[in-house]
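The numbers here are math on the coordinates, done by the rules we state, and not lab data. None of these values were measured; they are calculated from a predicted model. Don't worry about glycine lacking a Cβ; one is built from the backbone with ideal geometry, like all the others, and counts go over all protein chains shown.
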Amino acid sequence: MLTLWLAASALTIGTLAAILPGLIKTRSSAAASRSETNIAIAREREGDLRKELLEGLISDAEYDAARAEIEQSLALDLDAQSSKGIDPSPSLFSAAAISALLPIAAIGIYLLIGSPTALNVSSSSVDLSPETQDLPDIDTMLDQMKSRLADRPDDLRGWTLFANALMGTGRYQEAVPAYRHLSDQDPANPEHKIRLADAIAMTQGGALAGEPETLIMQALQLQPNHPQGLWLYGIAREQRGAFDEALAVFQRLAPMVANQPEVLTEVNAVIQRIQGQMTQSSQSMGSFSLEIRVEIDPTLAEQVTPGDTLFVFARVPNGPPMPVAAKKTSASTLPVSLELSDQDLLVGGQSLSAYPTLQIGVRVSKTGSANRSPGDLAGTSDQFSPRQTSEITVRISEQIR
């Protein structure tokens, strides 16, 4: 048992050193002493439990329950000691990232405690010195945990550790199904929905439109004052250009974090940024325009007839299907250049220039209807920032089937 707990401790410290470079300060001798004491106590408690189990004084279920309590207590103690060496972050996102990294340390303990082979390690056969101890790397630990959890769908604590560790190490694509599993297993827990939304957004380059925003709203229905949920919802509204709504969200969040000065500073900075965007949007409202050049593939040009209608529209990438601005004209003059401006807005409240990213779509309608129909011709531009690009070329290159 001595080897087991020393190995768990070494693995924890080694993992933290690997995943938090630059964030861990030198520990004081008092802190180091406390960690050693915690490990020693945990080692002794687990050894006593193992002895009682072998002597038949306790059942397997009682042993498992007590061992889980030891594991959790030690992980929390080590996390608490590690947290004392971490610089406070001015960002809610940074704080969330650090808290997501800490479970990796607990994974080492989780894997060792949960492995029957770990209990058979002889203290005389293992050299635990820093120079010789061969510790698994983070990827290996995560892969081991993934294999272990495959047969334990109800182990929500293990799944939470796993998902948070994936998120903390930047494995966002893998974190998504892990958080989705947690959300499916515990649908009334808003934390799972918020973390799932965050993970999906990270796979989309930080964009919260679509499923992430839906998940955030569901979480806030369960817990309206969830700080991280409000933060992400405010960012989502800002990304959509709904600055008035975003401002209201962050003004609501500010008093909730008043006792966290650096977080409050971050929130106030976002409030100032949004207010500046609102001022800029108000000044440019009605004057901003995009120059759109619509071209057509020669193989499709002969399918355009004099009665066809050309629809040109701007929409938010990965957002709702409804355009934010649209214009229609005759398709008989293709190729054609036209202007899409704030005068063509379908959604009031902000200028086209207020949207971080837009995408231009064009469609030649045979029926004159704004709805897509078989036989229509269509094309889509790449995503662009209207603040940086005001001239866009779109090529009609497909026929809707």
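Okay, here's what the table says:
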quantity: Paramagnetic label zone (point 7 Å from Cα along Cα-to-C-beta, Ser369; backbone N under 15 Å) in segment 294-335; calculated: 309
quantity: For segment 239-249, 3J(HN,Hα) per residue [Karplus equation, 6.51 cos²θ - 1.76 cosθ + 1.60, θ = phi - 60°, Hz, x = Gly/Pro]; calculated: 4, 7, x, 7, 5, 5, 5, 4, 4, 4, 5
quantity: Charge context of Arg240, other residues only, Cβ under 12 angstrom, K/R +1, D/E -1; calculated: -2
quantity: Net charge, Ile296 excluded, C-beta distance under 12 Å - Lys, Arg +1, Asp, Glu -1; calculated: -2
quantity: Anisotropy class of segment 209-258 from Cα gyration tensor, a/c 1.5 cut; calculated: oblate
quantity: Residues Arg315, Arg372 arranged by fewest to most Cβ contacts within 10 Å; calculated: Arg372, Arg315
quantity: Segment 289-399: equivalent-ellipsoid semi-axes (sqrt of 5 x gyration tensor eigenvalues, Cα, Å); calculated: 23, 14, 12
quantity: Formal net charge of residues neighbouring Thr309 (Cβ-Cβ distance under 12 Å; K, R +1; D, E -1); calculated: +2
quantity: Sorted by Cβ neighbour density within 10 Å, fewest at the top, the residues Val263, Val336; calculated: Val336, Val263
quantity: Computed FRET value (nearest 0.05) for Glu245 with Ala150, which takes r as the C-beta separation and R₀ as 51 Å; calculated: 0.75
quantity: Whole-Hz couplings from phi, Karplus 6.51/-1.76/1.60, listed for segment 328-340; x for Gly and Pro; calculated: 10, 7, 6, 8, 6, 9, 4, x, 8, 10, 8, 10, 10
quantity: Stretchable slack from Gln223 to Glu398, in nm (0.36 nm times residue separation minus alpha-carbon distance); calculated: 58.5 nm
quantity: Distant-in-sequence amide H partners of Ser341 (H built 1.01 Å from N, under 5 Å); calculated: Leu290
